[in-house]
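The structure appears right after this line, and notes come after that.
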Amino acid sequence: MSEPQFKALGHKVTSPERRLEVFPTPEHVRKVVLEGDEFTSLCPVTGQPDFQTVRIEFEPGPYCIESKSLKLYLWTFREEGHFCEALSALIAKDVWEAARPRRVTVTVMQRPRGGISIMAETSLPDPLA
């Protein structure tokens, strides 16, 4: 198989991009965890900023997520309004479609605002289905 052609990795990128780039899963890799604590979005009702940690854990299929593209992907949410629960579902769906993992679980942990923190988790395929 030829080397992946990345649009983000190894290139100067100055704006967010809603594209997850992938590369072939190396032999014997069974679990990948990507976690970022600088994830931000806006409350869809008030427009106030929400600060979150996102954790993406997956059992790779044919592909793994390239981390710079993930950073640029997460950056796209900075000026968008989404509830925490919707974020976990949207990110899980996008990872599922881009990397075609055997399983993926996305956990979004929203830092307290007004004294309340939120944790939302989405798994695909849905273990309850």
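Can you tell me how the chain classifies by the Cα gyration tensor, rounded, prolate or oblate, using a/c under 1.5 as the rounded cut? Because a/c hits 1.5 or more and a/b fails to exceed b/c, the chain counts as oblate.
Between Arg103 and Thr53, what is the label-point separation in nm under the 7 Å Cα-to-beta-carbon projection? Inter-label distance under the simple model: 2.2 nm. For the pair Glu27 and Lys68, the difference between a 0.36 nm per residue extended length and the Cα-Cα distance amounts to 12.6 nm.
Label sites at Leu128 and Glu85, each approximated as a point 7 angstrom past Cα along Cα to Cβ, lie 1.0 nm apart.
Here the calculated FRET efficiency for Ser117 and Val45, from their Cβ-Cβ distance with R0 = 22 Å, stands at 0.80, rounded to the nearest 0.05.
Once the Cα-Cα distance is subtracted from the 0.36 nm per residue extended length, the Ser15 to Arg78 segment shows a gain of 21.5 nm. Here's the picture: a label point sits 7 Å out from the Cα of Glu38 along the beta-carbon direction, and within segment 57-72 the residues with their amide nitrogen under 18 Å of it are 66-72.
Sort segment 64-129 into rounded, prolate or oblate with this rule: let a ≥ b ≥ c be the square roots of the eigenvalues of the Cα gyration tensor; rounded if a/c is under 1.5, and if a/c is not under 1.5, prolate when a/b is larger than b/c, oblate otherwise.
Numbers: a/c = 2.40, a/b = 1.28, b/c = 1.88.
Oblate, because a/c is 1.5 or more while a/b does not exceed b/c.
Throughout, read-outs are computed from the coordinates displayed, never taken from laboratory work. These numbers were taken from a predicted model, which means no experiment stands behind them. We place every Cβ from the backbone using ideal geometry, glycine too, and count neighbours over all the protein chains shown.
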